[in-house]
Amino acid sequence: MAIQRMDHVSIVVGDIEAATAYFVELGMEVEGAMPIDAEWAGRVVGIEGMRSEVTMLRTPDGNGKIELARYRAPEAAVPEPGPSQPNVIGMRTVMFAVDDIEDTVERLRGHGGELVGEIADFEDVYRLCYMTGPEGVIIALAQELR
């Protein structure tokens with residue numbers, strides 16, 4: 001038996017409206033939003049009495065999805081001592097292919113995005129960068145140069 005596909009990446013946020021606006025500015029489309037208050041959901045995540053709300057976003061081609069989740073009960077835990085660095089063990093980034101990296105960076109800055117390092121070229125193939133977004137979530141951007 002093999003997997004059928006990767007369905008989505010889930011990101012827990014405190015401010016779901018700001019996070020949604022950030023990813024919409026990036027070019028993702030809202031597929032839907034809803035509260036999750038059902039007892040089955042708490043059983044799945046192992047948190048009795050869990051209540052949350054989710055917004056599902058998809059890339060314009062429909063192949064990639066991100067689920068933004070805000071926990072209302074219990075509230076989301078904030079890692080110490082603050083936003084993570086790119087070299088911390090665990091999932092670090094979601095990479096997006098863009099057509100104009102400089103324009104994308106400027107638009108995301110209007111939604112609180114900041115470069116982690118700088119925009120740099122990998123040979124003559126890609127222009128790349130890491131950006132922080134809402135709640136310190138790191139995304140990677142790649143512009144193909146050929």
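The values are calculated or read from the model by the stated rules, or taken from the named source; none is laboratory data. Values in this document were obtained by computation on a predicted structure and should not be read as measured data. Neighbour counts are summed over all protein chains in view; Cβ atoms, including those assigned to glycine, are modelled from backbone coordinates with ideal geometry.
Restricting G117, G112 to residues that are loosely packed, with under 15 Cβ neighbours inside 10 Å and modelled with pLDDT of 90 or more narrows the list to G117.
Conditions tested, residue by residue: (1) assigned to a loop (DSSP other than H, G, I, E, B); (2) more than 16 Å from V12 (Cα to Cα).
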site	(1), (2)
M34	no, no
G42	no, no
V54	no, no
A77	yes, no
D99	yes, yes
D103	no, yes
E118	yes, yes
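Across segment 1-20, the qualifying residues are those that are in contact (Cβ under 8 Å) with a residue 12 or more places away in the chain and within 19 Å of D61 (Cα to Cα), and the one among them that is farthest from the chain's Cα centre (by Cα) is D7. Of all residues in segment 94-127, those satisfying the criterion of being more than 16 Å from I66 (Cβ to Cβ), out of contact with any Phe, Trp or Tyr (no Cβ under 6 Å at 6 or more places or on another chain) and of a type in the set (A, V, I, L, M) are I101, V105, L115, I119, A120, V125.
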